[in-house]
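A short worksheet on the structure shown next.
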Ligand code: GLA
C-alpha cells in the first residue's frame, strides 16, 4: 500500500486529509539474542518495513484509533491515564499515550490511522515499531521534544508495565535510533551505542519468515527472564556483579558449580557466550571479515537452540538449509524466537536461487512455505515530508 492509498483511507474514515504522516521501522537483530535484559551488548538494525501513522488533531477530545491491518477500532475520551483493554492491537499505541499523559503532558484529541507491512508477531518488532511511532508522533504534534533514547525507554515501559512482557530495551532502541546502512552496537546496561557500517559487499541480508506463529512466546519469554535472574542470584553468592553479562567466560567456568541446576546452567552459558560473540562480531564487522561474522551467526543460533531452547523445528530447518547452501555464509534466528524469522547472509546474485531452494526444502519438511525477502538497513522513526506525498 502506498501513501496515496493510505491518505484516501484516512479521508474516508475521518472526512479530512491527515496533517502528518509518520513512519517507524521494524528491526532485525544481527547478533546478541536474549542479551538486552541481561545487561550486555546487542547488534540490531532498523529495516525498511515498518508502521505508518496518519494523524490529525481533532476538537472532540477523542482519541480515535483505526488500522488498515485489523478490523477493531476504538475511541477513548481524553483522560489522565488509560489501562489495557483485552488483547487488541490499539493497546500498544494507547500504552504509549498513557506514558506521555502520565508525565503530565497535555494533548488534544487525535484521529489516527495506522498501517504496517511488518508481519505481526514474527520477531521483527511490530510492537516496538507502533509504540515508538506513537510516541514520536505525539512528541512532534505537541512540541514535547522527547529524545530518541527516551522514546525507547518509554516504549520498554509500555511493554513491561502496560502489556506485561519483561522485554529489554533492544527493539525500541533500534527502531528509534536506527541509521541507514549501519548496525547499532548497543550496550543495554549504559545505553551507550555506536553505529557500525554494515558493509556486506556482494552479499545481502535475507529475512526468512518461518510463518510459524509464536504461540506462548510471551509466557516462555518471561520464563527465560526469570531463569536468568535465578542463575544470576546463584552466581552472586561468590561474584559481585549486577548482570549475567558482567561475567566473562573464564569467571563463569570457575563459578558455574554454584548454579547447581542443569537448566539454569544452560541459560547462563548461552547468555555469557552470546555476549562474548557480540564482541567478536563487532571486531569481524570492523575488519570487514564477513566470513567470521557469518560463522558467529551460526554459532549464535546453535546456542539459542541447545542452551537457551528458544528456537524450534521451523527455525532450525531454515538454518539447517542455510548451512548446506554454499553461497550462504551465516544464518540464525532473530528476535525472541519460538517461531518468527531467521536472517541469512546470502550472495546477492544467488538470492533468487536461494529463495526457491529454501522454499522447496522448508515446505517439504514443515508442510507450508516460508516467506523470503531481501532487507535493507534503514533509518529510525521519522516524519514523511509533506511535499513528498501532497498532490
Ligand atoms: C524480543 C524482546 C527484546 C529482546 C529479544 C531477544 O524481541 O522484545 O527485548 O529480548 O526478544 O533478544
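What to note about this one:
- Sorted by Cβ neighbour density within 10 Å, fewest at the top, the residues 150, 72: 72, 150
- The chain, helix-only ellipticity at 222 nm - DSSP H runs n ≥ 4, -39,500 (n - 2.57), divided by all residues, nearest 500: -13000 deg cm²/dmol
- Highest average packing first - 117-127, 29-39, Cβ atoms within 10 Å: 29-39, 117-127
- Folded to 0 to 90 degrees: helix 91-102 orientation relative to the chain principal axis, Cα: 70
- Folded to 0 to 90 degrees: helix 148-157 orientation relative to the chain principal axis, Cα: 80
- Computed from Cα positions, the angle between helix 313-324 and the longest principal axis of the chain comes to roughly 60 degrees.
- Computed log₁₀ I(q)/I(0) - Debye formula, equal Cα scatterers, no solvent, segment 1-160, q 0.12, 0.14, 0.21 Å⁻¹: -0.51, -0.69, -1.53
- With Cα atoms as the point set, the radius of gyration and Dmax of segment 91-188 evaluate to 13.1, 38 Å.
- Largest first, the extents of the alpha carbon coordinates of segment 256-391 on the three principal axes equal 67, 38, 29 Å.
- Space enclosed by the convex hull of the alpha-carbon atoms of segment 33-105, per residue, Å³: 166
- Whole-angstrom Cα spans of segment 169-228 along principal axes, big to small: 38, 33, 19
- Translational diffusion of segment 5-57, µm² s⁻¹ [Kirkwood Rh, Cα pairs; Stokes-Einstein; 25 °C; 0.890 mPa s]: 180
- Between residue 313 and residue 5, the simple spin-label model (points 7 angstrom out along Cα→Cβ) gives 3.5 nm.
- Rounded FRET efficiency, nearest 0.05, which uses the C-beta distance separating residue 161 from residue 202 and R0 of 30 Å: 0.10
- Taking each residue as 0.36 nm, the span from residue 359 to residue 230 lengthens on full extension beyond its C-alpha to C-alpha distance by 42.4 nm.
- Estimated translational diffusion coefficient (Stokes-Einstein, Kirkwood radius over Cα pairs, 25 °C, 0.890 mPa s) of the chain: 114 µm² per second.
- When 48, 300, 83, 139 are arranged by Cβ crowding within 10 Å, least crowded first, meaning fewest neighbours, the order is 83, 48, 139, 300.
- Choice from 51, 334, 17 with maximal GNM fluctuation in the chain (Cα, 10 Å cutoff): 17
- Percent of Cα-Cα distances greater than 24 Å, calculated over segment 212-313: 30
- Put simply, segment 274-341 fits an ellipsoid with semi-axes of 20, 15, 8 Å; these come from the alpha carbon gyration tensor as the roots of five times its eigenvalues, largest first.
Rule-based calculations on the coordinates, nothing more; no lab input. Owing to the predicted nature of the structure, the values given are computational and were not obtained by experimental measurement. All Cβ positions, glycine included, derive from the backbone under ideal geometry; neighbour counts span all protein chains shown.
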